[in-house]
Amino acid sequence: MKTMSRHLQRAFGAHSDSALKAGADIQMVRRSLFLVFLKFLRVMIPYWDKLLICILVTCSLSVVRLLTPWLDKYFVDDALPNGDWELAWILIIAHVAIGLIWWYAATINTIFTRYIDMRVLADLRARFYEHLIRLSMTFLQRRPTGEHMYRSNADLNAVMFMITDILPQFIESVFDFLLVLGFLTFLDWRVTVVLLIYMIPYTMLAHWIASVERRFDKEARAKSQRVEATLQQGVAGQLTVKTYARRQFEVHKYTGRLIDAWRSQMKKSYTGILRGQIIGGNGLLPWLKGFFISAYFMREVILGRLTYGSLLPIFNYMNRFSNPIQRIIELFQALRVAMIPAERILQTLDVAPVVADRPGARTMPPLQGRVAFEDIHFSYEHNVPVLRGLNFEIQPGQKVAFVGYSGAGKSTILNLMLRLYDPDSGTVRIDGIDIREVRMSSLQQQVGLVFQDTYVFTGTVRDNLRFADPRAKEDALWNALRLADLEDFVRNLPNGLDSDLQEGAGMSGGDKQRLGIARALVRNPRLLLLDEPTSSLDSETEARVLETLKKATRGRTTCLISHRMPTVIDSDVIYVMDAGRIVESGRHDALMARRSYYYQLYSLYFTGKGEMAA
Ligand SMILES: Nc1ncnc2c1ncn2[C@@H]1O[C@H](COP(=O)(O)OP(=O)(O)O)[C@@H](O)[C@H]1O
Ligand SMILES: [Mg+2]
């Protein structure tokens, strides 16, 4: 009982935050086939009516198909020997009618299934993406992007194939099997007994071959995924690949993995062929079985215990009998194979976002720009403290800077201000409000952000700016561009705001950062967060972008994170961070005068020895 409930909990319950921190999100949670399947069926609940119709139609088609051989029996036994034209015509018309009905229903059924298939797939992919994008960055970053893409594409496709293709076929086959078995028992129960006994070794053999096949399939899938990830990384990291003269190496690696994947696929295919030849529809075993049973019934006819015409449905059913069993086994295996991607998707779907809105969370009122950290302790992973007791208060309109070595926890401060994570203890207050009490989006919408690299989306200047606020007016866009010193740049583009930016191809680093600044300003935010906004620029461009920033930050609360000392000199307060603590704070002059930590950072920076990595 206890294990059962634990089982259910593991199958249906999302991991808790602490489990996530302990790295449980990366582990494979093994579930039984049945539970994975049940969980996926829940996804199908909104479509139950359509699905039910599909299954009902499929089963009716099965019955209809089984009726036709009986028409042949009457034709041979009654119409033919008696020269009964009337009966012959009735039988022929019945044949045609059944054929037409069958054709019509089958067409409708296929169209319907495809519709459900695509609708549900689109829904699922949307849900998957929505979920993925809410997950913690820790989860997203720990896996290669290619893997998330693979899950959203190939894995979801495989699962949908299971639900809309394999599942109805499975039900149909079981239904078919029971019907045929019923008919055969009705004709001669001894045949049924023999068939049922024959099924035991047959099923075992089929099961064994399929399990080998499944193992190879899993291997092949894992390897194709590696191939995809290699390609993705090679393209994404092309600059590094090329400049390190690793092109050849990367190509070799890719080819190696490709061949490796191909080998696994071949192993899987060969096992599949073997399966077909031995237990498949035209395989050895079903053929032998068909032969012996047909011989037995022919003997019955010769002995006069069965009519001649009865052989027609019998032969027909013999074919059909091996079909459903073989199909049931095949489909069952297909279901198990489909469970692998299903399980992978569930793994992602099961990871609970680290932060979520509290029920009844209110809307963040318009920001004033006061930010307070009250004794904040935080760790991304269990027992690896990143922030250890942070206290500070930023006044509205103040410009503060956080400096310190890479890894000191500077960016983490911004993550907490935006509530991408919740602190382990302590409170983040904005305008005096504990930010856990407000809806995340209502807070995030009011904050302007600039990062070290500005991601330029495919699309026009307008699209890129409106990313910050889809309803921004034309004036607001131009205002933002003016403040970011990009007005002339955009006016000189062939189509102005409607010029295509092509993911920023051809834009200089400085222009991209200005675009980032303009994007942040479109919201006219009271709170502006800048994380190493000039670190990817050369010092000359940096100086110019700093001028831009000076203008842009006027009248806004600004948090600047930087390890480039010249960028922080003008700040109202500089917080010096080391290993998750604030070790000093004050204005530049005062800090320099103390000749302590900040002084050392500053001197190191300018003697060039201490160019700290971002
Ligand atoms: N998403 C994350 N998941 C796990 N650890 C992280 C994550 N982001 C940062 N860290 C770790 O937290 C520490 C502080 O990181 P960060 O705040 O980015 O430092 P900084 O911005 O000062 O360079 C580093 O040791 C870093 O490895
Ligand atoms: Mg950082």
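The values are calculated or read from the model by the stated rules, or taken from the named source; none is laboratory data. Given the structure is predicted, the values throughout are model-derived calculations rather than measurements. Because the Cβ atoms are built from the backbone with ideal geometry, glycine has one as well, and the counts that use them run over all protein chains shown. For accessibility, only protein heavy atoms count, side chains too; no ligands or nucleic acids. Shrake-Rupley method; radii C 1.70, N 1.55, O 1.52, S 1.80 Å.
Points to keep in mind about this one:
- Residues Arg581 and Lys242, FRET efficiency given R0 of 60 Å [Cβ-Cβ distance, rounded to 0.05]: 0.90
- Each residue, Arg594 and Thr68, gets one label point 7 Å from its Cα in the Cβ direction; the gap between the two is 9.0 nm.
- When peptides 450-460, 255-265 are ranked by their average number of other Cβ atoms within 10 Å per residue, the highest-first order is 450-460, 255-265.
- Net lengthening on full extension, Glu540/Phe161 (0.36 nm per residue, minus Cα-Cα): 130.8 nm
- Protection proxy ranking of 215-225, 468-478, by the mean of other Cβ atoms within 10 Å over each peptide's residues and highest first, is 215-225, 468-478.
- The heavy atoms of Asp188 offer some 10 square angstrom of accessible surface to a 1.4 angstrom probe.
- Spin-label pair Phe249/Arg491, simplified geometry with 7 Å Cα→Cβ offset, distance in nm: 5.0 nm
- Whole-number accessible area per residue in Å² for the range 131-272, which is evaluated in the context of all protein chains at 1.4 Å: 55 Å²
- For the range 156-204, the fraction of 1.4 Å probe accessible surface lying on carbon and sulfur atoms is 82 percent.
- Cα shape, the chain, gyration tensor, a/c 1.5 rule: prolate
- Applying 1/(1 + (r/R0)^6) with R0 = 25 Å to the Cβ-Cβ distance of Ser294 and Ile98 gives a FRET efficiency near 0.50.
- The protection proxy used here, the mean number of other Cβ atoms lying within 10 Å of each residue, ranks peptides 313-319, 159-165 as follows, highest first: 159-165, 313-319.
- FRET efficiency for the pair Ser425 and Gln445, taken as 1/(1 + (r/R0)^6) with r the Cβ-Cβ distance and R0 = 22 Å, rounds to 0.20.
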